[in-house]
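The next block holds one structure in the form of structure tokens; read it before the comments.
The values are calculated or read from the model by the stated rules, or taken from the named source; none is laboratory data. Quantities reported herein were computed from a predicted structural model and do not represent experimental measurements. Cβ placement follows ideal geometry from the backbone for every residue including glycine, while neighbour counts extend to all protein chains displayed. When the accessible area is computed, the model is the full protein with side chains, heavy atoms only, and any ligands, DNA or RNA have been set aside. Shrake-Rupley method; radii C 1.70, N 1.55, O 1.52, S 1.80 Å.
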Amino acid sequence: MAEPVKLIGTFGSPFVHRAEVALRLKGVPYELILEDLTNKSELLLRHNPIHKSVPVLLHGDRPAICESLLIVEYIDEAFDGPPLLPIDPYDRAMARFWAQFIEQKCAKPFWMALWLNDGDKREVFVKEAKENMALLESRLHGKRFFAGDTVGYLDFAACGLALVLGVLAEVTGLSLVGEDEFPLLRRWADDYTSEETVKACLPPREQLVAHFSGKKDRIKLAVNAMACQM
Amino acid sequence: MAREGDLKLLGLVVSPFVVRVRMALSMKGVSYEYIEQDVFNKSELLIRYNPVHKKVPVLIHHGKPICESLAIVEYVDEVWGGGAPPSILPADPYERATARFWATYVDDKLFPAWIGVMKAATEEEKAEKVSQTLAVLLHLEEAFAKCSNGKAFFGGDSVGYLDLALGCNLFWFETLREMFDVELIDEGRTPLLASWAQRFGEAAAVKDLVPNVDKAVEHAKKMRRVFVH
């Protein structure tokens, strides 16, 4: 009998989404445990004492696996089913490289650009975000998804971008990307969020909009406080 | 086994990330052309093969570049896997995830902390960075206890992925001891890491690839002239 799989997550997190979509593509049943990150449970703190963040994967009796991209790789290796990472070693290295790039160079500038009050500081981050988006745009030439014809590891890695371009643009009223900019990325964001398995584990757009709208002031406070220390 | 013409490595002798890759290639018995880079005056070759980050190491295999040292180590393990050469990553998916987690932790938390010691402008800043480094090393001490399972290395009986990820930083700890009289891994605070470091330094697989501390000191002085104001 298969060992139970539990995923500790939080509503609306693109990092948690990566793990969920990976489990679904492999056909692995799992229990989703939602955390309130302003009031972290003992379960979360016990299983991720280093980073205290979600997602956390619990597979049977094994100690927890943390860090969303590592969880995706684990799911790919531990369970049968369609491969999530490319088969060819060079393509795998490329996927890992670009996933790292997204983690290190894309997440922060966009997040800062969306929530900063100071227009000048925001412009600096927008410029950086756009330079990096141009590099990602070039990865989509001739392809429907970053992984090819079907979604894979690099699409999951980029899922936060889909959130930024869609839901968060609506919540903040800030369209950081012009209608004629990055057509491939904008088309990818639509294709990704409408893909069958992805859609099944994404909350409906209205719910995400309501969720982030509700947190808006808190996020702005935290981001602007962080900016002062930079 | 790759012919020399097929495989090139763009590197810097004192970069722990480059040393890590060289150790992986050595474990596989793979030969390659090594091309030293001047990171203060980047070559056209480096910019062409790593346009995104313009950093070393870059492995060029059949003319195609692979960047980011941990991705390179995994690539090397996969391409020269199976059969005689030892496996760098563990076989079990859970152990692989754990090794990757701590390797990422080394790069994300340990490296910025010790580099901060090297680049510190004031005594106060240096003390803070030393303190951060020691805190991170305490977590790695616990990691060693769990991963090694009583054996000699993070990888078990022989050097593995996480040994390389952490071990490539050791010569820099010696360098910082020489330059600033700071002891980062010591028997009192982190006894498991201290004895592991000794064993790693003596391991045949990696021994000859550790650069001379003098070279690292020279590089550190140059970095401080450029970056510290």
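Results for (1) over 26 Å from A:Ile65 (Cα atoms); (2) in contact (Cβ under 8 Å) with a residue 40 or more places away in the chain; (3) small (Gly, Ala, Ser), shown as yes or no for each residue.
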site	(1), (2), (3)
B:Thr98	no, yes, no
B:Lys119	yes, yes, no
B:Glu124	yes, no, no
B:Val136	no, no, no
B:Asn149	no, no, no
B:Asp157	no, no, no
B:Arg177	yes, no, no
Legend entry - Subset of segment A:177-230 [in contact with a Leu (Cβ under 7 Å, 6 or more places away or on another chain) and either among the aliphatic types (A, V, I, L, M) or under 15 Å from A:His17 (Cβ atoms) (or both)]: A:Val177, A:Leu184, A:Leu185, A:Ala189, A:Thr193, A:Thr197, A:Phe212, A:Val223, A:Ala227
Inset, instruction - Please find, within segment A:77-91, the residue that is farthest from the other protein chains (Cβ to nearest Cβ) out of those that are in contact with a helix residue (DSSP H, G or I) (Cβ under 8 Å, 6 or more places away or on another chain) and under 21 Å from A:Leu161 (Cβ atoms). - result: A:Leu84
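Among B:Phe173, B:Phe153, which is touching an Asp or Glu at 6+ places or on another chain (Cβ under 8 Å) and not β-branched (Val, Ile, Thr)? Give the steps one after another, and end with the answer.
Numbers: B:Phe173 fails: touching an Asp or Glu at 6+ places or on another chain (Cβ under 8 Å).
Testing whether each residue is touching an Asp or Glu at 6+ places or on another chain (Cβ under 8 Å) and not β-branched (Val, Ile, Thr) leaves just B:Phe153.
Determine which member of the set A:Arg186, A:Arg144 is of a type outside the set (Ser, Thr, Tyr) and without any contact (Cβ under 8 Å) to a residue 24 or more places away in the chain.
On the way: A:Arg144 fails: without any contact (Cβ under 8 Å) to a residue 24 or more places away in the chain.
Answer to the check: A:Arg186.
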Inset, instruction - Report yes if some residue within segment A:70-80 is aromatic (Phe, Trp, Tyr), open to solvent by 10 Å² or more (accessible area, probe 1.4 Å) and assigned to a helix (DSSP H, G or I); otherwise report no. - result: no
Legend entry - Among (1) touching a strand residue (DSSP E or B) at 6+ places or on another chain (Cβ under 9 Å); (2) open to solvent by 30 Å² or more (accessible area, probe 1.4 Å), the one test that B:Ser148 misses: (2)
Inset, instruction - Within segment A:168-183, track down each residue that is at pLDDT below 90 and open to solvent by less than 30 Å² (accessible area, probe 1.4 Å). - result: A:Ala169, A:Leu176, A:Val177, A:Gly178
Inset, instruction - Name every residue in segment B:60-73 that is facing another protein chain (nearest Cβ under 9 Å), under 15 Å from the mean Cα position of the chain (by Cα) and not acidic (Asp, Glu), in order of residue number. - result: B:Cys67, B:Leu70, B:Ala71, B:Ile72
Legend entry - Answer residue from segment A:25-69, given it is within 11 Å of chain B (Cβ to nearest Cβ), within 20 Å of A:Pro14 (Cβ to Cβ) and surrounded by fewer than 20 Cβ atoms within 10 Å (Cβ to Cβ) and is farthest from the chain's Cα centre (by Cα) among those: A:Asn48
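Does B:Val76 satisfy the condition of being within 18 Å of the chain's Cα centre (by Cα), within 13 Å of chain A (Cβ to nearest Cβ) and not charged (D, E, K, R)? Lay out the reasoning, then the answer.
Details: within 18 Å of the chain's Cα centre (by Cα): yes; within 13 Å of chain A (Cβ to nearest Cβ): yes; not charged (D, E, K, R): yes.
So B:Val76 passes the test.
With the requirement that a residue be open to solvent by less than 10 Å² (accessible area, probe 1.4 Å) and either basic (Lys, Arg) or assigned to a helix (DSSP H, G or I) (or both), what does segment A:111-138 give you? Explain how you work it out, then say what you get.
So in segment A:111-138, the residues open to solvent by less than 10 Å² (accessible area, probe 1.4 Å) come out as A:112-116, A:129, A:133, A:136.
Selection gives A:Met112, A:Ala113, A:Leu114, A:Trp115, A:Ala129, A:Met133, A:Leu136.
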Inset, instruction - With a cut-off of at least 3 residues that are free of Cβ contacts under 8 Å to residues at least 12 places away in the same chain and open to solvent by less than 10 Å² (accessible area, probe 1.4 Å), name the strands (runs of 3 or more DSSP E) lying wholly within segment B:1-88. - result: none
Legend entry - Number of positions in segment B:89-142 that are in a helix (DSSP H, G or I), more than 10 Å from chain A (Cβ to nearest Cβ) and of a type in the set (S, T, N, Q): 3
Legend entry - Of residues in segment B:161-207 being basic (Lys, Arg) and surrounded by fewer than 15 Cβ atoms within 10 Å (Cβ to Cβ), the one farthest from B:Val76 (Cα to Cα): B:Arg189
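When segment A:115-163 is examined, which residues are found to be of a type in the set (Lys, Arg), modelled with pLDDT of 95 or more and over 18 Å from A:Arg96 (Cβ atoms)?
Quick first cut of segment A:115-163, residues of a type in the set (Lys, Arg) only: A:121-122, A:127, A:130, A:139, A:143-144.
Subset that is modelled with pLDDT of 95 or more: A:139, A:143-144.
Correct list: A:Arg144 only.
Any idea which residue in segment A:192-206 is most open to solvent (accessible area, probe 1.4 Å), counting only those that are in a helix (DSSP H, G or I) and under 15 Å from A:Val164 (Cα atoms)? Even if it seems obvious, please write down each step before you answer.
Going through segment A:192-206, the residues in a helix (DSSP H, G or I) turn out to be A:192-194, A:196-200, A:205-206.
From the residues that got through so far, the ones that are under 15 Å from A:Val164 (Cα atoms) too are A:192-193, A:205-206.
Numbers: A:Tyr192: 3, A:Thr193: 51, A:Arg205: 114, A:Glu206: 135 Å².
Selected residue: A:Glu206.
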Inset, instruction - For residues that are within 9 Å of chain B (Cβ to nearest Cβ) and open to solvent by 60 Å² or more (accessible area, probe 1.4 Å), tally how many sit in segment A:92-110. - result: 2
